[in-house]
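Report on the following structure.
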Amino acid sequence: MNLAFWKNNKDKQPKKKKSTAREWLDAGIFAIIAATLIRTFIFEAYTIPTPSMEKTLLVNDFLFVSKISYGPRIPMTPLAVPFVHHTMPFTRNTPAYSEAVQWKYRRLPGLSDVKRYDVVVFNFPEGDTVALDAIDPSYYHMVRQAGWDAVNNQFKVIHRPVDKRENYIKRCMAQAGDTLQIIHGAVYINGQAAPVPPGSQHRYIVETTGDAINPARLEELGIVGPDITFNSGSYVYNMTPAQATAIKNLGPIVKSVAVYEDSKVNTAFDYTDVFPHDTAHYKWTEESFGPLYIPKKGATVKLDESNIAIYDRVIRVYEGNTLERKDGKFIINGQPADSYTFKFNYYWMMGDNRNNSLDSRYWGFVPEDHIVGKAWMIWMSYGEGGIRWSRLFRTIK
């Protein structure tokens with residue numbers, strides 16, 4: 001590099017032309033830098049891998065996720081391979097990042113805060129304890145329920161930084177400061193019924209006169225199943241609200257249609273699988289849950305034996321404090337405490353496919369530093385029949 005750029009070229013010699021290889025190299029470096037900046041601060045591509053958001057989002061929908069909606073998060077693990085999330089391609093466990101440099105959580109200003117009913121991409125909040133290797137993370141709650149050991153031959157314990165944990169996509173059903181409750185499968189926020197997304201699915205139990213519903217009619221309505229068949233002539237289908245209404249209107253063969261609650265028919269229901277995993281104080285299920293306060297930055301809650309299971313992980317893991325019990329008292333950072341003031345905002349995320357979703361009902365709150373961005377638009381989608389043309393360039397609601 002010529003540092004004396006202010007000097008005239010007295011000899012007026014022509015500049016040396018770059019070689020073709022050098023031009024390609026410069027162009028490649030510029031493209032990588034530009035794409036990395038766009039991916040980090042503006043938007044990022046994301047693929048739907050599981051049916052937890054059906055039928056709002058389908059498997060193999062390709063999305064653009066807006067980073068500017070909530071403000072781009074400054075990378076907390078800046079030393080990373082471009083365009084790779086956490087594992088090198090074609091390897092099982094080779095990290096695509098280095099933890100030699102770790103930055104504190106910071107976020108640039110965005111267009112808005114996370115709002116109720118937004119579809120949000122975030123890092124899996126329990127990913128700091130177990131990231132499954134041979135088993136898909138979607139089955140984490142099943143693994144825990146089955147009592148498998150995290151050091152057995154089935155999967156390995158992998159510790160990852162917050163911004164390198166698995167990406168999840170769910171709907172934000174409650175924001176910081178809200179009180180959430182689920183009654184017979186219906187979500188209530190601050191005592192008011194939450195809107196039901198038109199594309200959401202839920203298991204309904206359909207009681208008939210004893211005769212099966214015409215399969216051709218079910219296929220016409222787009223209903224698959226049944227998932228469960230009872231000897232009494234009752235059937236369980238996974239349906240959207242519109243499909244449930246259509247089933248009700250099939251005529252005298254259908255006696256009733258209601259939300260199916262597994263805990264009511266299964267006396268062996270395992271309450272430990274549901275947050276906060278404290279059966280002494282909470283026998284909540286995925287269909288009967290709460291009321292639960294969603295922590296808000298600056299708010300203070302009283303701590304006691306009845307609610308410590310709810311806020312234990314927030315205090316220790318998400319906000320980096322020490323928490324001990326001594327002589328019947330709580331000790332936070334070495335000091336006796338009977339209350340706690342939150343440092344972050346938290347959110348409650350649920351899948352639209354309610355009975356086929358690993359979400360906050362199983363692992364609790366999502367801290368603000370785990371938020372990646374807002375799901376914005378489907379730019380590509382394909383299924384068994386090829387490209388789903390009707391879904392292309394559809395905004396996400």
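What follows is calculated from the coordinates using simple rules that are stated; it is not laboratory data. Quick caveat, the model's predicted, so the values are computed rather than measured. Neighbour counts run over all protein chains shown; Cβ positions are idealised from the backbone, glycine included.
Remarks
- Between helix 20-41 and the chain there is an angle of about 40 degrees, using the helix long axis and the longest principal axis of the Cα atoms.
- Cα extents for segment 186-292 along the principal axes, largest to smallest and rounded to whole angstrom: 46, 31, 20.
- Stretching the chain fully between K104 and S339 yields a gain of 82.1 nm (0.36 nm per residue, less the alpha carbon separation).
- Gain on full stretching of the segment that runs from L250 to T94 - 0.36 nm per residue minus C-alpha separation: 50.7 nm
- Per the Debye formula on identical point scatterers at the alpha carbon atoms of segment 300-341, with no solvent, log10 I(q)/I(0) at q = 0.15, 0.18, 0.30 Å⁻¹ is -0.29, -0.42, -1.25.
- Karplus 3J(HN,Hα) series, Hz, for segment 210-216 with 6.51 cos²θ - 1.76 cosθ + 1.60 (x for Gly, Pro): x, 8, 6, 6, 3, x, 5
- Straight-distance crosslink candidates among aspartates and glutamates, where the alpha carbon sits under 17 Å from K296 and sequence neighbours closer than 8 are dropped: D113, D178, D312, E319, E368, D369
- Radius of gyration and Dmax over the Cα atoms of segment 313-397, both given in Å: 20.5, 64
- Taking 27 Å as the limit for the C-alpha separation, the pairs K170/K297; K18/K67; K67/K297; K104/K329; K283/K343; K302/K374 exceed it in the case of K18/K67; K104/K329; K283/K343; K302/K374.
- A convex hull fitted to the Cα coordinates of the chain yields 213 cubic angstrom per residue.
- Neighbour-count ranking [beta-carbon atoms within 10 angstrom, fewest first] of R361, R160: R160, R361
- Note on K329 and S306: the extension gain reaches 7.0 nm, defined as 0.36 nm multiplied by sequence separation minus the Cα-Cα distance.
- Panel note: the C-alpha atoms of segment 10-79, placed on their principal axes, show extents of 70, 25, 21 Å (largest first).
- N345 long-range amide H proximity, modeled H, under 5 Å: K297, E368
- Each residue, E220 and T36, gets one label point 7 Å from its Cα in the Cβ direction; the gap between the two is 5.8 nm.
- Under Karplus coefficients 6.51, -1.76 and 1.60, residue-wise ³J(HN,Hα) of segment 163-178 in Hz, glycine/proline x: 7, 10, 7, 4, 7, 10, 10, 8, 9, 6, 8, 8, 9, 3, x, 7
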